[in-house]
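Undergrad: Dropping the structure in here first, questions after.
What follows is calculated from the coordinates using simple rules that are stated; it is not laboratory data. In this text the structure is predicted, and so the values were computed from the model without any measurement. Cβ atoms come from the backbone with ideal geometry, glycine included; neighbour counts cover every protein chain shown.
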Amino acid sequence: MPGSMPGSTPGSTKTMGAITIGGLVVVTAYTVALGSNGWLWFGWVVLGLITLGMIATRSA
């Protein structure tokens, strides 16, 4: 695939997707148990954007 990021394979994209979903579950559980933490949500949003970027570069 010309133009794709090095190491960006369908498997790594699926792994990033799974980590992103798992992170959402963890951040949501933390928020329910201990209250909201802005840094956790910020980190999850950044992780989500990285995952979307990987998906976009793979499909381009």
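Undergrad: What is the packing order of peptides 32-41, 17-26, taking the mean over residues of other C-beta atoms within 10 Å and listing the highest first?
TA: Values: 32-41: 9.9, 17-26: 13.0.
Output ranking for 32-41, 17-26: 17-26, 32-41.
Undergrad: Separate question: Hey, what do the phi angles of the range 34-43 turn into as Karplus ³J(HN,Hα) couplings, whole Hz, using 6.51/-1.76/1.60 and θ = phi - 60°, x for Gly and Pro?
TA: Result, ordered by residue: 10, x, 5, 10, x, 5, 5, 5, 4, x Hz.
Undergrad: With Kirkwood radius over Cα pairs in Å in mind, check [x] 14.1; [y] 16.5; [z] 12.4 and report the label derived from this structure.
TA: Matching the structure shown: [z].
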